[in-house]
Amino acid sequence: MKSTVQFKNNTPTIKVERRDFETWTTNQRQNTRLLAGNKLITALNELEKIHPTARMFCNRLTNG
C-alpha cells in the first residue's frame, strides 16, 4: 500500500480511499449470495447476544 504517513498529535495516520477497496456484484447469482451472506452474519450477531459462538468454525459450516 503506497500512502503518505502523516502525524497528528504524535499519532501516525494515513488517508485510505474507500473506492480503492470497493467491489461490486456483477450478476444475480452474486447478488443472491451476498444477500444470503448478510442474513447469515445478522443471524450470527443475534445468536451472539444469547449465547457465545465460535465464529472461526463458520468457514467450515459454509464449506469455505
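No value in this document is a laboratory result; all are computed from the given coordinates. If you're wondering where the values come from, they're calculated on a predicted model, not measured in any experiment. Every residue, glycine as well, gets a Cβ built from its backbone with ideal geometry; the counts of neighbours run over all protein chains shown.
On a 0 to 90 degree scale, rounded to 10, what angle separates helix 28-50 from the longest Cα axis of the chain?
The helix 28-50 is inclined about 90 degrees to the chain.
Can you show me the helix-derived [θ] at 222 nm for the chain, built from DSSP H runs with n ≥ 4 at -39,500 (n - 2.57) apiece and divided by the number of residues, rounded to the nearest 500.
-13500 deg cm²/dmol
At 7 Å along Cα-to-Cβ for each site, give me the label-to-label distance between His51 and Gln28 in nm.
3.7 nm
Work out the length of the dipole vector of the chain about its Cα centre, built from +1 on the beta-carbon of each Lys and Arg and -1 on the beta-carbon of each Asp and Glu, and round it to the nearest 20 debye.
80 debye
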